[in-house]
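Structure first, commentary second.
Every number in this text was worked out from the coordinates using simple rules, so none of it is lab data. As the structure is a computational prediction, the values presented were derived from the model and not from experiment. Cβ sites come from the backbone with ideal geometry, for glycine too, and all protein chains shown count toward neighbours.
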Amino acid sequence: MAPPLLTLQDIYLTFGGTPLFEGAELTVSAGERLCVVGRNGSGKSTLLKIAAGMMESDSGRRFLQPGVTIRYLAQEPDFGDAKSVTEYVNSHLAPADDSHTGQQLLETLGLTGDEQPATLSGGETRRAALAAAMAPRPDILLLDEPTNHLDLPAIEWLEQALREFRGAIVMISHDQRFLENLSRTTLWVDRGTTRHLDQGFGSFLEWRDKVLEEEELERHKLDRRIVREEHWLRYGVTARRKRNQRRLKDLHSLRATRQSERSERQPAQVTMAAQTGQASGKLVLEAKNLSKAFDGRLIVADLTLRIQRGDRLAIVGANGTGKTTLVNLLTGALEADDGTLKFGANLELVTLEQSRSSLHPDSTLKEVLTEGRGDTVVLNGKARHVAAYMKDFLFKPEQAGTPVRRLSGGERGRLMLARALSRPSNIMVLDEPTNDLDLETLDVLEELLADYPGTLLLVSHDRSFIDRIVTSTLASEGEGQWLEYAGGYSDMQAQRGASSDAAPMRVKKSSRSRQPGRKEAGGGSKKLTFKDQHALDTLPGKIEALSEKIAALEVELSVPDFYTKDPGGFAKVGQSLEQVQQQLSEAEDQWLQLEMQREELQNGGR
């Protein structure tokens with residue numbers, strides 16, 4: 001068996017106070033697909049930096065096989081003095097590396113290489129950093145949250161690229177689907193130690209729960225043993241004083257062991273509860289023919305959508321397709337160019353925005369949660385001290401005066417959740433709520449949302465989270481078109497019949513307005529017949545006319561004394577309604593069939 005490429009043994013590290021690592025281990029073999037998981041603050045990123053040689057531990061051993069190359073993708077890449085993205089990528093190449101590889105990766109990822117680092121968005125920064133890490137084709141690739149700021153097409157492309165990567169991969173990610181698809185082994189960083197599972201992330205959660213159950217059983221046994229020793233000391237034979245002293249000493253030792261297990265090293269649990277407002281009306285909102293454009297580019301085109309109480313709608317699409325704009329339109333924060341928007345009664349809206357811009361950097365945790373009013377947070381009519389409420393989200397009481405600017409990404413995410421859940425609501429808008437949250441916090445959030453009685457609008461790139469939370473998915477189809485699918489992201493893919501290896505470069509093309517009349521490459525002479533094209537053009541008008549006729553007939557039938565005054569006429573109108581409904585169904589089926597045929601012809605030559 002070939003020796004490991006990289007080994008960390010008996011790693012100890014402390015930054016003052018409680019040690020971060022006490023005997024941590026890491027082994028990376030050729031072709032490894034290892035995911036590193038653990039709570040926020042458990043030291044996952046620190047362990048990767050030690051593996052990359054960027055940090056030194058207080059004690060322990062790091063061994064790297066001679067000649068083995070490592071590249072590390074940081075959560076926040078440093079572009080240094082690079083004046084362009086190409087210069088940044090080339091700075092990570094060795095003299096013998098092919099510079100064309102880096103440029104090809106940039107182009108595949110939707111970048112030209114001429115961009116200035118200071119002007120890059122979060123997604124563009126992540127793509128440039130991925131190109132810099134992957135272009136040298138290292139023996140070991142260390143990835144710290146590689147999917148952060150990436151849209152779904154980019155994440156799916158990255159998965160495919162990593163499947164084809166020949167070197168070893170060690171990855172940290174909050175994206176569970178990403179880990180399930182790529183990992184073969186798992187390293188759990190837990191309370192200063194590491195535990196190895198010779199299976200991928202798909203088996204981790206069940207294994208973790210089993211380990212924690214066994215620990216709880218051992219603690220219960222220890223508690224029972226302490227009770228027995230205390231009983232013996234109180235009521236046992238007292239003549240043998242020396243033996244009593246020895247057992248008393250043993251009891252103190254047992255108590256010390258139990259106390260250490262109850263100390264800060266035992267994982268704390270996030271506690272979440274949403275403050276619910278009064279029930280909304282059955283209709284939450286209804287959009288008809290909603291449209292919005294910026295600088296001549298359609299973001300939303302002729303959208304008709306109905307959301308009822310209890311619906312859980314995910315909004316998905318590539319970066320730049322206008323997901324946040326659509327949310328702002330649906331919530332009334334942004335005015336549409338055309339169309340109508342109707343809101344239901346008694347709506348109480350709470351929003352968790354992705355940018356977290358509403359968190360003032362100089363505000364303290366206490367000020368954010370109480371809105372500067374006193375020391376209490378009111379939840380469902382009951383007042384709680386802000387320090388107690390903070391503990392539910394893993395904040396210590398002494399952090400009440402800590403300014404927002406000193407919080408980590410995960411802490412800011414928990415603070416945003418704590419504030420949002422403290423406000424009464426019956427409709428909740430969550431824009432990328434999973435960013436920077438660890439697996440345990442995500443589990444609790446999912447349970448809370450499952451029990452939430454109101455309506456949810458969710459924008460997320462986390463496929464697993466979408467699948468477990470929503471009842472329908474509204475997806476961008478390009479050029480301002482949005483289509484609703486029943487179920488979550490996996491259901492949407494099944495209904496679309498979409499390939500899972502869509503490249504991010506498609507996103508860049510779709511973000512440009514298509515020129516009217518422009519012919520698609522490779523389309524050739526493939527097109528609908530004149531008759532079919534005429535039907536496709538006229539059917540929408542016919543469908544609208546039939547819908548209006550149905551509405552008129554339903555109004556006629558709803559007259560209170562129609563049936564009593566004219567039973568024959570009532571039956572005749574009812575029969576007409578059935579006929580028109582049948583005609584509408586046939587017209588919709590014909591239009592759908594022709595539309596699918598048109599798409600197949602357009603895409604067939606591409």
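Could you please report the charge total around residue 333, scoring K, R as +1 and D, E as -1 over all other residues with beta-carbon less than 13 angstrom from its beta-carbon?
Local charge sum for residue 333: -2.
5 Å is the cut-off here: which amide hydrogens, built 1.01 Å from N in the peptide plane, fall below it relative to residue 33, excluding neighbours closer than 5 in sequence?
169, 184, 185
Non-local amide H neighbours of residue 485 (under 5 Å, H modeled in plane, Pro and chain starts lacking H): which ones?
Sorted by chain and number, the residues that satisfy this are 473, 474, 475.
Length gain on complete extension for the stretch residue 557 to residue 283, per 0.36 nm per residue less the alpha carbon to alpha carbon distance? Write down the numbers at each step before the final one.
On the way: separation 274, 0.36 × 274 = 98.64 nm, distance 2.32 nm.
Extra length from residue 557 to residue 283 when fully extended: 96.3 nm.
Have a look at 584, 543, 573 and report the one farthest towards the positive end of the charge dipole of the stretch 530-604, computed about the Cα centre with Cβ charges (Lys/Arg +1, Asp/Glu -1).
It is 573, whose Cα lies furthest towards the positive end.
Near the amide H of residue 194, under 5 Å away, which other amide H atoms are found, from residues 5 or more places off or on another chain, if H is placed in the peptide plane?
Long-range HN contacts for residue 194: 25.
Once you have the Kirkwood Rh of the stretch 530-604 from its Cα pairs, apply Stokes-Einstein at 10 °C and 1.306 mPa s and quote D in µm²/s.
Stokes-Einstein gives a translational diffusion coefficient of 112 µm²/s.
Would you kindly derive the ³J(HN,Hα) couplings of the stretch 377-383 from the backbone phi angles with the Karplus curve 6.51 cos²θ - 1.76 cosθ + 1.60 (θ = phi - 60°), listing them in order in whole Hz, with x for Gly and Pro?
Each residue of the stretch 377-383 in turn: 10, 9, 10, 6, x, 10, 7 Hz.
Check each of the GluC sites (Glu not before Pro) in the stretch 52-116 and keep only those in coil by DSSP with at most 12 other C-beta atoms within 10 angstrom; list them in order.
The qualifying sites are 56.
Counting Lys and Arg as +1 and Asp and Glu as -1, what is the net charge of the other residues whose Cβ lies under 11 Å from the Cβ of residue 86?
Details: positive: 83; negative: 87, 107, 114, 115.
Its environment carries a net charge of -3.
With the cut-off at 23 Å, tell me which of the pairs 282/549; 292/323; 549/572 have Cα atoms farther apart than that.
In this structure, 282/549 exceed 23 Å between Cα atoms.
Of 188, 207, 157, 591, how do they rank once you tally other Cβ atoms within 10 Å and put the fewest first?
The most exposed by this proxy come first: 207, 591, 188, 157.
Tell me, what ³J(HN,Hα) does each residue in the stretch 544-557 have, in order and in whole Hz, if you take phi through Karplus 6.51 cos²θ - 1.76 cosθ + 1.60 with θ = phi - 60° and put x for Gly and Pro?
Taking θ as phi minus 60°, the curve returns 5, 5, 5, 4, 5, 5, 4, 4, 5, 5, 5, 5, 4, 6 Hz for the stretch 544-557.
Residue by residue through the stretch 19-29, what is 3J(HN,Hα) from phi via Karplus (6.51 cos²θ - 1.76 cosθ + 1.60, θ = phi - 60°)? Round to whole Hz and write x for glycine and proline.
Using θ = phi - 60°, the values come out as x, 7, 10, 9, x, 5, 10, 8, 10, 10, 9 Hz.
Taking the Cβ of residue 366 as the center, what net charge do the other residues with Cβ under 12 Å away carry, scoring Lys and Arg +1 and Asp and Glu -1? Could the numbers behind the result be given before it?
Values: positive: 373, 419; negative: 367, 371, 375, 398.
So the surrounding residues net to -2.
Roughly how many Å is it from the Cα centre of the stretch 539-592 to that of the stretch 421-492, as a whole number?
If we compute the Cα centre of each part, the gap is 37 Å.
Between the stretch 54-95 and the stretch 323-384, how many Å separate their Cα centres?
Using only Cα atoms, the two centres lie 40 Å from each other.
Semi-axes, largest first, in whole Å: what does sqrt of 5 times each Cα gyration tensor eigenvalue give for the stretch 91-149?
Numbers: eigenvalues 69, 45, 16 Å².
Value: 19, 15, 9 Å, ordered largest first.
For residue 29 and residue 118 in the same chain, what is the full-extension length gain: residue separation times 0.36 nm, less their Cα-Cα distance, in nm?
28.3 nm
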